[in-house]
Amino acid sequence: PHEILKLVNLVVYNRLGEQVEEALEHDHMIMIDSPLVDISSTHVRHRIRTGRSFRSLIPDPVYKYIVDHKLYLV
């Protein structure tokens, strides 16, 4: 992980029930302070695979990319 942080800036978004420990903070880590949403990527992928609506769960550009590239259908 230290080598990665030498090469890139890592954007960190908290998850419900999880907090990033101060010990993990680093000059190349960018903490995003946004409202927490209880939606997992596993849930979104499952909805896609089972043909259920997922548009309201993700930002429009991400939705478009998933649909255009036919991701997570298998």
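Annotations for the structure displayed:
- For the chain, the mean residue ellipticity at 222 nm estimated from helices alone is -8500 deg cm²/dmol, where every DSSP H run of n ≥ 4 contributes -39500 (n - 2.57) and the total is divided by all residues, rounded to the nearest 500.
- Ordering of 46-59, 2-15 by packing [mean C-beta count within 10 Å, highest first]: 46-59, 2-15
- Amide H to amide H, with H built 1.01 Å from N, residue 10 comes under 5 Å of 29, 30, counting only residues 5 or more places away or on other chains.
- With a Förster radius of 22 Å applied to the beta-carbon distance between residue 5 and residue 41, the computed FRET efficiency rounds to 0.45.
- Label of the coordinate-derived value, Cα extents along the principal axes in Å, listed as [x] 42, 27, 20; [y] 37, 29, 23; [z] 35, 26, 14: [x]
No lab work stands behind these numbers, since they all come straight from the coordinates. These numbers were taken from a predicted model, which means no experiment stands behind them. Note that we place each Cβ from the backbone using ideal geometry, even for glycine, and neighbour counts take in every protein chain shown.
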